[in-house]
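Readers should treat all values here as calculations from the given coordinates under stated rules, not as data from a laboratory. Nothing here was measured: the structure is a model prediction, and the numbers come from that model. Ideal geometry is used to build each Cβ from the backbone, glycine not excepted, and the neighbour counts take in all protein chains shown.
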Amino acid sequence: MEKRVTAPLTLEQVKDLKCGDSVLISGVIYTARDAAHKRLCELVEQGKELPFDPKDSVIYYVGPAPAKGNQVIGSAGPTTSYRMDAYSPTMIKLGQRGMIGKGKRSPEVIAAMKEHGAVYFGAIGGAGALLSRCIKKAEIIAYEDLGAEALRRLEVEDLPAFVIIDCEGNNLYETGRKEYLESLR
């Protein structure tokens, strides 16, 4: 079932998203990879203010290529999510509602998602040039020294993704594999 969601995401929106749903995401999301996440969590540990409000936020795990010509942003495909697993529970506890990436997540991340109400979206790896067309505005808001991995604020329109893990912990990587194996019998 395809659903349209608008970020920031509320807890009510997250509860409506189910494992396997196809979604089109519009609104404001942020980009951060492992180096930016490390800095964010260090700020949290120090009791300092973050450069954006994580409440109801969606973070896209991407290090976009430089924009060419009149592009808003260069190729913007998802990176492997497990690199953020050490930091994601902290961000989720602060109110982050969504993550966009590719690949499996740790049991600790899934437990935080279930406890605090968050969802993990999967974007298609290798389709960065196509995904970048959904990005209508991009601005660096922190950590410019990280280059492609700087923290960015994006305005997106109909960014396609799938709900890989919902807020109840249902995991498409597990259910999809199980359904496939059962279909072979």
Discussion item. Can you compute log10 of I(q)/I(0) for the stretch 132-185 with the Debye formula, treating each Cα as one identical point scatterer, at q = 0.12 Å⁻¹?
Written reply: -0.54
Response to the item:
One finds, for ALA127 and GLU45 with R0 = 45 angstrom and r their Cβ-Cβ distance, a FRET efficiency to the nearest 0.05 of 0.80
Worksheet item: Once the principal axes of the Cα atoms of the chain are found, what is the range along each, listed largest first in whole angstroms?
Response: 53, 40, 27
Worksheet item: Any idea which of ILE164, VAL44, LEU131 is furthest toward the positive side of the dipole for the chain, if Lys and Arg beta-carbons carry +1 and Asp and Glu beta-carbons -1?
Response: LEU131
Worksheet item: Full extension from ASN70 to GLU108: what is 0.36 nm times the residue separation minus their Cα-Cα distance, to one decimal in nm?
Response: 9.5 nm
Response to the item:
Output row, site THR80, 7 Å Cα→C-beta label point, backbone N cut-off 16 Å, window the stretch 125-147, residues 125-126
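Of the peptides 69-81, 114-126, 25-37, 46-58, how do they stack up when ordered by the mean number of other Cβ atoms within 10 Å, highest first?
The densest-packed peptide leads the list: 25-37, 114-126, 69-81, 46-58.
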Worksheet entry | Calculated FRET efficiency for the pair GLU174/LEU94, C-beta based, R₀ 25 Å, to 0.05 | 0.40
Worksheet item: Okay, helix-only estimate at 222 nm for the chain: each DSSP H run of n ≥ 4 adds -39500 (n - 2.57), divide by all residues, round to 500 deg cm²/dmol; what do you get?
Response: -7500 deg cm²/dmol
Worksheet, complete the sentence: Within the chain, the percent of DSSP beta bridges that are antiparallel, given to the nearest 5, stands at 55
Worksheet item: Say the cut-off is 19 Å between C-alpha atoms; which of LYS93/LYS114; LYS3/LYS178; LYS104/LYS178; LYS48/LYS93; LYS104/LYS137 go over it?
Response: LYS3/LYS178; LYS104/LYS137
Item to complete: Starting from the Cα of ASP16, step 7 Å along the direction of its Cβ; do the same at ILE141; then give the gap between the two resulting points in nm.
Response: 2.3
Practice prompt. Quote to one decimal, in nm, the extra length available between GLU157 and GLU115 on full extension: 0.36 nm per residue of separation minus the C-alpha distance between them.
Written response: 12.2 nm
Practice prompt. Would you tally the net charge around ARG83, using a Cβ to Cβ cut-off of less than 13 Å, leaving ARG83 out, and scoring K and R as +1, D and E as -1?
Written response: +2
Item to complete: Go through 94-101, 83-90, 2-9 and give me the packing order, highest mean Cβ count within 10 Å leading.
Response: 94-101, 83-90, 2-9
